[in-house]
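Notes to accompany the following structure.
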Amino acid sequence: MTRAGPEGSTTRLADERGFTLIEVLLVSALLIVVLGAILSMLDTTSRVSARDQERPIAIREGQVGLYRMTRELRQATQLYSLTDYRAEVQVTVGGVAQRVLYACDVTPAGSSYRQCTRAASTNLSAALSPGTTAVVERLQNGTSADPVDPVFTLSSSSYAKVSLLVPENPEWAGDSRRSTAFKDGFYMRNLGTL
């Protein structure tokens, strides 16, 4: 295309040439590859981020559950039974004697993990059944991932150890390498006192 110059001369406009179809298709293909790589990185990052957010939640849940159990079991005035996965004691809460059971062998429907639950009653003569209040939601002790690790171990007549193996993420069922172990002990200093 030509146009008239200031003195009547004609000049060719080189900028109006444009892109060829091959150039447009090549740039479009490269843009799709680059955007695909960027979106793939973002997708991976979001999945890893969600998984990594589960870890502190699981750790906090294990810490709180262990603390709650040992704090209450430490106050026991009578020990009814203590097995690998259950501890049943009598405690006095607010001046009222209660029979308390921590059962860590409860497997909820559709789960590969166990739970530690708490049940309490003021009827001191009747044995308790596992409760519905979960103290620790996900526990690997006693499951196929960790079949021989007991939760409770009685070391002496008044000292017991507690060991919880909590998975860091529910998607890692059966992988004990991706679990956090919490261990504590409690001395039942009030046994035999009423």
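Taken together, the values in this text are just the output of simple stated rules run on the coordinates, not laboratory data. A quick note: this is a predicted structure, and the numbers were derived from the prediction, not measured. In this analysis, Cβ positions are derived from the backbone assuming ideal geometry, glycine residues included, and neighbour counts consider all displayed protein chains.
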| task | Select from the stretch 89-127 the residues that are under 21 Å from Q140 (Cα atoms) and hydrophobic (A, V, I, L, M, F, W, C) and write down the one among them that is surrounded by the fewest Cβ atoms within 10 Å (Cβ to Cβ). | result | A109
| request: Assess whether Y159 counts as being surrounded by 14 or more Cβ atoms within 10 Å (Cβ to Cβ) and of a type in the set (F, W, Y). | output: no
| request: Could you check, for the stretch 87-96, whether at least one of its residues is of a type in the set (A, V, I, L, M, F, W, C), within 26 Å of the chain's Cα centre (by Cα) and in a strand (DSSP E or B)? | output: yes
